[in-house]
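A quick write-up on the structure given underneath.
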Amino acid sequence: MKDLSTEYLGLKLKNPIIAASCGLTGTLDGIVSMEKNGAGAVVVKSIFEEEILLEVNQQMKEAEKDPMIYSELSETLDYIDLHIREDNLEKFLKLIRDAKKAVSIPIIGSINCISSEDWTHFTKKMEEAGADALELNIFLNPADFTNKEFEKAYFRIIEKVLATVQIPVAIKISKYFTRMGLTVKALSETGISGIVMFNRFYTPDIDIDKMSLATAQIFSTPEELNETLRWMAIMTGKVSCDLAASTGIHTGEDVIKMLLAGATVTQVASTLYKNGPEQMKWMLKKIEKWMSDKGFDSVEQFRGKITREYGDDPAAFERMQFMKHFSEIR
């Protein structure tokens with residue numbers, strides 16, 4: 001047996017495959033299934049900042065229709081606001097508590113957030129519920145023309161959360177920064193324990209018959225691996241925290257590539273929807289076979305091997321390969 005163990009966010013994992021935050025990790029049965037099929041850790045399905053706020057707003061509208069309630073509206077709405085937030089959060093906290101009792105692998109709580117406002121106190125309750133770590137899926141819209149401090153929002157969110165909890169904190173980021181390398185490096189120096197590259201925006205399509213917006217591909221494709229791989233190689237050795245690879249990882253070969261590039265762990269979701277949770281078993285078998293074929297006994301023996309071979313500037317190597325490729329085309 002090969003040693004696939006690794007350490008991520010200070011947590012001991014039996015292997016570097018983590019079940020990412022998704023619908024499959026939103027129930028206790030789903031989380032148990034992830035452990036059964038080999039996941040090294042599970043990121044619980046995110047609770048959304050907007051989800052709570054929208055629910056509160058809807059209750060407020062209903063309250064305004066009732067004259068008896070409306071007569072004492074300010075106090076009533078304060079009560080509704082608090083009650084709905086606590087009720088919605090309690091379901092989420094219960095899942096964390098139940099998961100901690102049911103499985104032995106680390107449970108990572110997740111919040112999908114867009115601001116540094118009302119939700120940050122939730123993180124303390126997640127810690128108290130037993131979450132081993134916290135992942136902040138910071139989902140800022142790069143098409144928001146009103147937000148002139150796009151990057152600064154990340155730092156404000158991190159500052160508030162780190163002041164609230166003691167458990168390790170990771171952030172999940174997008175690809176949309178003016179200076180990706182410098183920003184990721186700066187984020188890694190804030191005191192967070194990990195950065196997940198990358199979250200994935202749901203892109204639209206257009207139905208030409210109905211002439212209306214439609215939903216495009218929800219799941220990632222294997223082709224999306226390359227962008228994640230590129231930035232993993234560029235940032236390895238230049239950050240002050242762990243790096244988790246996400247988006248486009250569908251097979252054991254994909255996991256191996258990310259580890260060779262320097263990833264601490266990988267996160268998977270789309271391939272679990274397409275192939276079932278048992279896909280993780282096949283991925284782990286592929287990694288073990290490859291390690292046997294190459295003579296490696298542990299993941300640490302080959303993690304970052306490719307990136308180290310190309311020195312301090314993997315982006316320059318990428319440029320050279322680009323030039324070589326096109327110079328051979330006649």
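Coordinate-derived values only; no laboratory data. Because the structure is predicted, anything quoted here is derived from the model rather than measured. When we count neighbours, we look across all protein chains shown, and the Cβ atoms used for this are built from the backbone with ideal geometry, even at glycine.
Enter the per residue convex hull volume of region 184-316, computed from alpha-carbon coordinates, in Å³ rounded to the nearest integer. Don't jump to the answer; show the numbers that get you there.
Numbers: hull volume 18.9 nm³, N = 133.
Per-residue hull volume (Cα only) is 142 Å³.
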>> Taking R0 as 25 Å, what FRET efficiency do you get between Glu278 and Glu189 from their Cβ-Cβ distance, rounded to the nearest 0.05?
In response: 0.05
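Given the Cα-Cα distance of Lys238 and Thr178 and 0.36 nm per residue of separation, how much length would full extension add, in nm? Don't skip to the end; give the middle numbers.
Numbers: separation 60, 0.36 × 60 = 21.60 nm, distance 1.79 nm.
Once the chain is fully extended between Lys238 and Thr178, it gains 19.8 nm.
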>> Can you compute the FRET efficiency between Arg156 and Glu227 using 1/(1 + (r/R0)^6), with r the Cβ-Cβ distance and R0 = 30 Å? Round to the nearest 0.05.
In response: 0.65
> With θ set to phi - 60° and the Karplus curve 6.51 cos²θ - 1.76 cosθ + 1.60, what are the ³J(HN,Hα) couplings of region 282-294 in order, to the nearest whole Hz, using x for Gly and Pro?
Replying inline: 5, 5, 5, 4, 5, 4, 4, 5, 4, 4, 5, 4, 9
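For the pair Lys305 and Lys94, what calculated FRET efficiency results from E = 1/(1 + (r/R0)^6), where r is the Cβ-Cβ distance and R0 = 41 Å, to the nearest 0.05? Each step should come with its number before you reach the end.
Working: r = 43 Å, r/R0 = 1.05.
Computed FRET efficiency for Lys94 and Lys305: 0.45.
Between rounded, prolate and oblate, where does region 227-296 land on the alpha carbon gyration tensor, with a ≥ b ≥ c its root eigenvalues, rounded for a/c under 1.5, else prolate if a/b exceeds b/c? Provide the component values of the computation, followed by the final result.
On the way: a/c = 2.44, a/b = 1.29, b/c = 1.88.
It comes out oblate by the Cα gyration axes.
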>> Using a 7 Å offset from the Cα along the Cα-to-Cβ direction at both Asp29 and Ile208, what is the distance between the two label points in nm, to one decimal?
In response: 4.2 nm
> Does region 217-259 come out rounded, prolate or oblate by the C-alpha gyration tensor, with a ≥ b ≥ c the root eigenvalues, rounded set by a/c under 1.5 and, if not, prolate when a/b is larger than b/c and oblate if not?
Replying inline: prolate
> Amide H neighbours of Gly304 under 5 Å, counting only residues 5+ apart in sequence or on other chains, H built in-plane at 1.01 Å?
Replying inline: Leu260, Ala261, Gly262, Ala263
> If you plug each phi of region 298-307 into the Karplus form 6.51 cos²θ - 1.76 cosθ + 1.60 with θ = phi - 60°, what whole-Hz ³J(HN,Hα) values come out, in order, with x for Gly and Pro?
Replying inline: 9, 4, 5, 5, 10, 4, x, 4, 5, 4
> What shape does region 173-247 have by the C-alpha gyration tensor, where a ≥ b ≥ c are the square roots of the eigenvalues, rounded means a/c under 1.5, and otherwise prolate means a/b greater than b/c and oblate the rest?
Replying inline: prolate
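Can you tell me how much longer the chain between Ala102 and Ser292 gets when fully stretched, taken as 0.36 nm per residue apart minus their C-alpha distance, in nm with one decimal? Please list the in-between numbers first.
Details: separation 190, 0.36 × 190 = 68.40 nm, distance 3.29 nm.
Between Ala102 and Ser292, full extension yields 65.1 nm more.
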>> Can you compute 3J(HN,Hα) from phi for each residue in region 20-28, using the Karplus curve 6.51 cos²θ - 1.76 cosθ + 1.60 with θ = phi - 60°, rounded to whole Hz and x for Gly and Pro?
In response: 6, 4, 6, x, 5, 10, x, 9, 5
> Of Lys12/Lys91; Lys124/Lys175; Lys45/Lys172; Lys14/Lys238; Lys2/Lys285, which pairs sit farther than 18 Å apart, going by alpha carbon to alpha carbon?
Replying inline: Lys12/Lys91; Lys124/Lys175; Lys14/Lys238
